[in-house]
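All remarks here apply to the structure that follows.
The values are calculated or read from the model by the stated rules, or taken from the named source; none is laboratory data. Here the structure is a predicted model, which is why all the values come from computation and not from measurement. Cβ sites come from the backbone with ideal geometry, for glycine too, and all protein chains shown count toward neighbours.
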Amino acid sequence: MQVKQTLKWSAAALMTLSAGLAFGQGIDELVAKVHPNYVTDEMLLNSDKDQNNWMLYGKDYQTTRYSGLTSINQGNVKKMTPVWNMSFGVLDGQDSQAIVVNGTVYVTTSYNKVIAANGVTGEIIWKYERELPGDVYPKLCCDVVNRGVAVYKDKVYLATLDAHIVALHNATGKVLWDKKIGDYTYAETFTLMPMALRGKIIFGTAGAEYGVRGWIAAVNADNGDMVWKTYTIPAKGEPGNDTWAGDSWKYGGGSAWITGSYDAETNNLYWPVGNPGPDFDRHVRAGDNLFTNSNLVLDPDTGKIKSYFQYTPNDPYDYDGVNEMILVTTKGGKKVWLHGSRNGHIYAIDRTQTMNSKAGPIPENKCVWATALGRINFTKPITPANNCKPIYNWPEKDVVYEKVTTDIAPTLDGGKEWHPMSYSHRTNMAYVPVYNFAMDLQAKKMEWKRGEWYLGAKVLNFLAGNGAINAYEIEGGKLTWSRPMSEPATSGTTATAGGLVLFGDARGYVHAVNDSTGESLYSFNVGSGVHGNPTTYAVGGKQYIAYVYGSGGGGIWPLHYADWYKKNNKGGGLMVFTVND
């Protein structure tokens, strides 16, 4: 592969070529550098129209995970076969996905490796292997995972477990700059795919399980200099701080480790925020605990919070609200974001209407509808009548010090875990990977200590259950179809104009189903549990579907791996499929 081409022209040659061109007189040399796979702002802003590439976490800034490709469709997907498979060379959880620019695939692995490969053949072009400090591993909540690189200009950007942002040359993997942003010894760690947006790289920290005070930040894409940093937990004197008892805000959690969305029309950045700390002891942090379990609307140029919506105030269940936000417009013209929450509901939140809130001058967005994803008993039915706030079934389902509260539904994984849902412009439906389990909990008083677990739990038991892929109409949240499975849904979904919904499962099968009915059309065993997300791209007019696989990660399912591994193996890789004519 040609990495860089430098063109030098003599003065005589320039004179020959100057007809019709605006070359000035007296030029002795012209130098032009060719940057393969150069990604511009216009390319990213129009990524919803570009069906060949997959350049953003959710395919487009709206995070729809919808591809307009139709070459692989309901009529021929049964003929789909693997065309190449790339081993990552590392084990443990693989939460990534393939990012594709002009036929080059960029993918991350556990332990912060980055690999660039030919999207047609799988031949590796370059790889970057980061040496991580040995003391970072006890500061990681949920395995050594990463969710992918951002692509922008001639660079790819990696957010690392030891809290750096690294810029790599997209054609060689050479480190162009490496900036320490957070402090992993405090448990500020990065596991997300950063967002490239108008000259900035935007990202957030993990660490709520250690009592880290969460934040979202933006750095200059060219040199890594800090542009802005916004804490998700308000300090004394800031709007919303009075929703925290005493000094509990200092250890308040509110991680931001899933990539946000962006609306170019309004210049609004949408970013999800996770659970409060300690996770299960609400009694030491009386109040609504803003802005945990919330979605924030931010100014991407300054980081200023413009509005928000909170799903689970004063949460004692670890219903981490960090899941993605899909920006859609209903048939009636209402602009909403869709959010599948771990508290067991899918929501449509109005992007244009707000109301007074407990954050004072920062308004709260209005809820349009909410629909339960499965069995729910921690709250009475959630409705727009009180802006879709839970009405807790306390004291029956409260989490307290003196006893074990049994059969709380859903579990801390949801509902819906972090694995992203998708939206189809073809069907006007959202496709949600669902968990349907319950748990037993008992709270425990804990003292916060820097860099140590801060859960506030004495008993945490997971009960039997199952998973599903559910399809919902976005106009009112009606369930259209459900495809149950024996295990939780541990992969994100992708919808295509070919009438397919793509996903994987914890047993190691990748699937394609009918987007209107959920009917199974294709499955294939890749040999290890699937926790990453499928993406699709085209090269030379041929469509490919890429599945990242590799068992691991956090949550319920890894607790069962001891039995699963008695007859199955770990393994991480990327398997790519197509249909040959």
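Observations, loosely collected:
- Qualifying positions in the stretch 228-239 - closer than 28 Å to residue 201 by Cα and not in a strand (DSSP E or B): 232, 233, 234, 235, 238, 239
- In the stretch 60-77 there is no residue matching the filter, namely being among the polar types (S, T, N, Q), part of a helix (DSSP H, G or I) and in contact with a Gly (Cβ under 9 Å, 6 or more places away or on another chain).
- Cβ pairs under 6 Å, 6+ apart, first in the stretch 561-581 and in contact (Cβ under 8 Å) with a residue 12 or more places away in the chain and part of a loop (DSSP other than H, G, I, E, B), second surrounded by 11 or more Cβ atoms within 10 Å (Cβ to Cβ) and of a type in the set (Phe, Trp, Tyr): 572/88
- Here 487, 473 are screened, and the one residue that is among the acidic types (Asp, Glu), touching a residue at least 40 places away in the same chain (Cβ under 8 Å), under 29 Å from residue 319 (Cβ atoms) and touching a Lys or Arg at 6+ places or on another chain (Cβ under 9 Å) is 487.
- Residues in the stretch 243-252 that are within 24 Å of residue 159 (Cβ to Cβ) and in contact (Cβ under 8 Å) with a residue 60 or more places away in the chain: 251 only.
- Looking at the stretch 423-526, the strands (runs of 3 or more DSSP E) lying wholly inside it that each contain 2 or more residues that are touching a helix residue (DSSP H, G or I) at 6+ places or on another chain (Cβ under 8 Å) and over 27 Å from residue 207 (Cβ atoms) sit at 520-525.
- The listed residues are 134, 211, 246, and the only one of them that is over 22 Å from residue 419 (Cβ atoms) and either of a type in the set (S, T, N, Q) or touching a helix residue (DSSP H, G or I) at 6+ places or on another chain (Cβ under 7 Å) (or both) turns out to be 211.
- Of all residues in the stretch 424-441, those satisfying the criterion of being closer than 21 Å to residue 48 by Cβ, surrounded by 24 or more Cβ atoms within 10 Å (Cβ to Cβ) and out of contact with any Asp or Glu (no Cβ under 7 Å at 6 or more places or on another chain) are 430, 431, 432.
- Candidates 135, 183, 162, 222 - the one that is surrounded by fewer than 23 Cβ atoms within 10 Å (Cβ to Cβ) and under 20 Å from the mean Cα position of the chain (by Cα): 162
- Considering only residues in the stretch 263-273 that are of a type outside the set (Val, Ile, Thr) and out of contact with any Pro (no Cβ under 7 Å at 6 or more places or on another chain), the one that is surrounded by the fewest Cβ atoms within 10 Å (Cβ to Cβ) turns out to be 265.
- Among strands (runs of 3 or more DSSP E) entirely within the stretch 317-383, having at least 3 residues that are under 20 Å from residue 471 (Cα atoms) and β-branched (Val, Ile, Thr) singles out 326-329.
- In the stretch 527-543 there is at least one residue that is closer than 24 Å to residue 437 by Cβ, surrounded by fewer than 24 Cβ atoms within 10 Å (Cβ to Cβ) and more than 17 Å from the chain's Cα centre (by Cα).
- Residue check, residue 320 closer than 25 Å to residue 226 by Cβ and either in contact (Cβ under 8 Å) with a residue 40 or more places away in the chain or out of contact with any Asp or Glu (no Cβ under 7 Å at 6 or more places or on another chain) (or both): no
Per-residue answers, yes or no, for (1) out of contact with any Phe, Trp or Tyr (no Cβ under 9 Å at 6 or more places or on another chain); (2) buried (at least 21 other Cβ atoms within 10 Å of the Cβ); (3) among the charged types (D, E, K, R):
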site	(1), (2), (3)
75	yes, no, no
83	no, no, no
93	yes, yes, no
103	no, no, no
107	no, yes, no
116	no, yes, no
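- In the set 554, 508, only one residue is out of contact with any Ser or Thr (no Cβ under 9 Å at 6 or more places or on another chain) and surrounded by fewer than 24 Cβ atoms within 10 Å (Cβ to Cβ); that residue is 554.
- Some residue of the stretch 539-551 being over 15 Å from residue 95 (Cβ atoms) and in a loop (DSSP other than H, G, I, E, B): yes
- Pick from the stretch 186-219, criterion buried (at least 17 other Cβ atoms within 10 Å of the Cβ) and among the basic types (Lys, Arg), ranking: farthest from residue 450 (Cα to Cα): 200
- Residues located in the stretch 240-259, provided they are more than 30 Å from residue 150 (Cβ to Cβ), outside any loop (DSSP other than H, G, I, E, B) and among the small types (Gly, Ala, Ser): 248
- Test result for residue 313, closer than 25 Å to residue 556 by Cβ, at pLDDT 95 or above and touching a helix residue (DSSP H, G or I) at 6+ places or on another chain (Cβ under 9 Å): yes
- Residue satisfying condition, being more than 30 Å from residue 542 (Cα to Cα) and in contact with a Leu (Cβ under 7 Å, 6 or more places away or on another chain), within set 160, 189, 205: 189
- Residue 45 modelled with pLDDT of 85 or more, surrounded by 17 or more Cβ atoms within 10 Å (Cβ to Cβ) and under 30 Å from residue 121 (Cα atoms): no
- Members of the stretch 102-111 that are polar (S, T, N, Q) and within 16 Å of the chain's Cα centre (by Cα): 108, 109, 110
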